[in-house]
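See below for the structure under consideration.
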Amino acid sequence: MVILQNATYIHPNKDILFQDIQFVVNNQEKLALIGNNGTGKSTLLKIIAGQLSLNSGTVACDSKPYYIPQLLDSYNKMSIAEALGIQEKLRAFHEILDGKMTAENMDTLNDDWGIEDRCQQALEHWNLSEISLDHKIEDLSGGQKTKVFLAGIAIQEPEIILMDEPSNHLDYEGRNLLYQFIENCSQSPLVVSHDRTLLNLLPEIAEMTKSGITKYGGNYDFFAEQKGIAQ
C-alpha cells in the first residue's frame, strides 16, 4: 500500500508543482496515472520511489517500491547486477558456494538461495538470455535497458511497482510480454504511460491535475468516454 497525505512538491525555482495531494494505492490495485504534461506524474513516481523528497506532507509505503524510470542513461556505467541492486547478494552467494560462509555473507544473502536461478529465468523470459549480469548497461539498446528493469521485477519480487513509460523502446514482442505481465500480475503496479493498449489493460484510472488526484473505475477508454460525456 502507498499513502500520500498533504503532499506538496516545489521546484528548486520555487514554482509549486503540486500541493496538498491525497492519494492511496491499495494492495493488489492496478492503476494508470494520467494527466496533462507538467502536472507532476513522473515526479510523483520518484517521490514514492524515494528518489525525491516532498517539501511538505508524508508518503508511506508498507514495502519497498520497485521503480522503472523512463530515462535509464544514469545507469550506463553500472553492470546489470549493480543497476538491479543485486550485486552484493550475488557476490555473497558465490563466496558462500566457495566456502566463505561468514556471518556477513549470510546476512547479505538473507536466505535467498534462489537468486541466481531467478535472475537467469527472468532474463530468459525477457529474451535477454545471451546477456550476463556483468554486462554494462551502456552497451545495451534502449529496448534491452527497459527489458533489464522489467526482468528486475521477477528478481526483486516487489509488491509495489512504479513504471514510467515502460513500453518506450520495446519491440513488438517486448510490448506483448509487458501487456501479459500487467494482465496477470498480483502486485500493485502504478503506471504512467501514453500507450493506449497498456492503459486499457489497467482496470482503474487515477487522473492527476493541479488540484489533486481523482480515481475512476474502468480502463482508459471508459474513462475517456465518461469525461467526454461530462464535458
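The values are calculated or read from the model by the stated rules, or taken from the named source; none is laboratory data. Computed from a predicted model, the values in this text were never measured in an experiment. Here Cβ is always computed from backbone atoms with ideal geometry, including for glycine, and neighbour counts include all displayed protein chains. Calculation scope for accessible area: heavy atoms of the full protein, side chains included, ligands and nucleic acids excluded. Shrake-Rupley method; radii C 1.70, N 1.55, O 1.52, S 1.80 Å.
Using only the Cα atoms of the chain, construct the convex hull and provide its projected area averaged over every direction, in square nanometres to one decimal.
14.0
Over the Cα atoms of region 14-123, Rg to Rh with Kirkwood Rh, two decimal places?
With Rg and the Kirkwood Rh in hand, the quotient comes to 1.07.
Springs between alpha-carbon pairs under 10 angstrom, Gaussian network model over the chain: which of Tyr75, Tyr172, Tyr220 fluctuates most?
Among Tyr75, Tyr172, Tyr220, the largest GNM mean-square fluctuation belongs to Tyr172.
So what does His169 come to for accessible area, using a 1.4 Å probe and Å² rounded to 10?
The accessible area of His169 comes to roughly 130 Å².
Taking loop as defined by DSSP and a crowding limit of 10 other beta carbons within 10 Å, which GluC sites (Glu not before Pro) in region 107-171 fit?
Glu130
Normalised by the residues of region 1-107, what does the relative contact order come to in percent, with Cα pairs under 8 Å and at least six apart?
25
Counting only DSSP beta bridges with both residues in the chain, what percent are antiparallel, rounded to the nearest 5?
60
Please go through the residue pairs Lys14/Lys210; Lys30/Lys64; Lys100/Lys136 and name each one whose alpha carbons sit more than 23 Å apart in this structure.
With Cα atoms farther than 23 Å apart: Lys100/Lys136.
Let me know the charge dipole size of region 59-126 about its Cα centre in debye, to the nearest 20, where only the beta-carbon of Lys, Arg (+1) and Asp, Glu (-1) is charged.
For this selection, approximately 200 debye.
Between Trp113 and Glu204, with labels modelled 7 Å along Cα→Cβ, what's the label distance in nm to one decimal, could you check?
Using points 7 Å along Cα→Cβ, the separation is 3.8 nm.
Any chance you could give the angle, 0 to 90 degrees and rounded to 10, that helix 87-97 forms with the longest Cα principal axis of the chain?
Approximately 30 degrees, to the nearest ten.
Ignoring ligands, DNA and RNA, what percent of the accessible area of the chain is carbon or sulfur (1.4 Å)?
Heavy-atom surface of the chain belonging to carbon and sulfur, 1.4 Å probe: 46 percent.
Using +1 at the C-beta of Lys and Arg and -1 at the C-beta of Asp and Glu, which of Gly152, Pro166, Ala32 has the Cα lying farthest in the positive direction of the dipole of the chain?
Among Gly152, Pro166, Ala32, the one farthest towards the positive end of the dipole of the chain is Ala32.
Using +1 on the beta carbon of Lys and Arg, -1 on that of Asp and Glu, and nothing else charged, what's the dipole of region 71-167 about the Cα centre, debye to 20?
Dipole magnitude for region 71-167 comes out near 200 debye.
With springs only between Cα atoms under 10 Å, which of Asp195, Asp62, Asp98 fluctuates most in a Gaussian network model of the chain?
Asp98
On average, how much accessible surface per residue is there in the chain, in Å², for a 1.4 Å probe, leaving out ligands, DNA and RNA?
With all protein chains present, the chain gives 51 Å² per residue.
Hey, in the GNM for the chain with a 10 angstrom Cα cutoff, which one of Asn168, Asn219, Asn36 fluctuates hardest?
Maximum among the listed residues: Asn36.
How much FRET efficiency would the formula 1/(1 + (r/R0)^6) give for Ala103 and Gln231, where r is the Cβ-Cβ distance and R0 is 41 Å, rounded to 0.05?
0.05
Just how large is the dipole of the chain about the Cα centre, in debye to the nearest 20, putting +1 at every Lys and Arg Cβ and -1 at every Asp and Glu Cβ?
880
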